[in-house]
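The block underneath contains the structure these notes are about, expressed in C-alpha cells.
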Amino acid sequence: LNEATAVVLGYGAVLINSRAYTGGKPAGHRALTRARFTADDTVHYEETIYAPALVDPAVQASTLRITTGRGPVILFSNPAHPEARRRLTVRASFDEGVTWPAAHEIDGGPAAYSDLVLQADGMAGVLYERGNHGGIAYVHFALDRLLMEHRKG
C-alpha cells in the first residue's frame, strides 16, 4: 500500500484509502483501513480490506468528507479503470465509506493524480492531471449531481 489519503469519520475514527498492490502488481482497486484512537492516544488499526467498488489502476487519489443537507458524505476521486489511468470519476459514500453507490465521470480520457476541494459556493472541485502530458485541469460540479445519481440507484 502507498500514496494514502485519509478522512476523519463521524465517530472519530480515520478512514485511510490507499493505492494497492498484490504480488507486486496493481490490485485493480483501492485498499481501505480504519484506524481509531484510544483515550491514551494509542492507534488501533482494523484489518485492511480491498474495495472492489473503488476500481483503481494504482494511482494517487483523493478523499474529502463534506456535510450536505442529507448529512455527511465522503467523496473519492481517481481514474476509475482497473489498468489504465483514464476515466477520472468522483464517487460518493453516504455510510462512512462502507459502500460507494454514487459516481460521476468527470473526464473519460487520460487522467492521473487528483485532489478534491469544497468550494466556498458549495460546489465540489477536482484538480487533476490530464494524463501524464496533458497539463493540469480543474472542474467543478454541483453536489446535487452525485446525490441525484445515488437516488437513481
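The values are calculated or read from the model by the stated rules, or taken from the named source; none is laboratory data. Note that this is a predicted model, so its numbers are computed, not measured. Here Cβ is always computed from backbone atoms with ideal geometry, including for glycine, and neighbour counts include all displayed protein chains. Surface areas here come from the heavy atoms of the whole protein model, side chains and all, with no ligands, DNA or RNA. Shrake-Rupley method; radii C 1.70, N 1.55, O 1.52, S 1.80 Å.
Odds and ends about this structure:
- Carbon and sulfur %, accessible surface of the stretch 14-153 computed with the full protein complex present, 1.4 Å: 52
- Taking only Cα atoms of the stretch 25-70, radius of gyration then Dmax in Å: 14.3, 41
- Per residue accessible area of the stretch 58-153, 1.4 Å probe, in Å²: 48
- Pairs of Cα atoms farther than 20 Å apart, the stretch 1-115, %: 39
- Sparse packing (at most 16 other Cβ atoms within 10 Å of the Cβ) combined with a DSSP loop state is found for the following chymotrypsin sites (Phe, Trp or Tyr not before Pro) in the stretch 5-52: Y11.
- Basic side chains Lys and Arg get +1 at the Cβ, acidic Asp and Glu get -1 at the Cβ, and with that the dipole of the chain about its Cα centre reaches some 380 debye.
- Tensor-based shape of the stretch 60-153 (alpha-carbon gyration tensor, a/c under 1.5 rounded, otherwise prolate or oblate): prolate
- Listed residues S18, V7, H29: farthest to the positive end of the dipole of the stretch 1-90 (Cβ charges): H29
- Distance between the 7 Å Cα→Cβ label points at F37 and V8: 0.8 nm.
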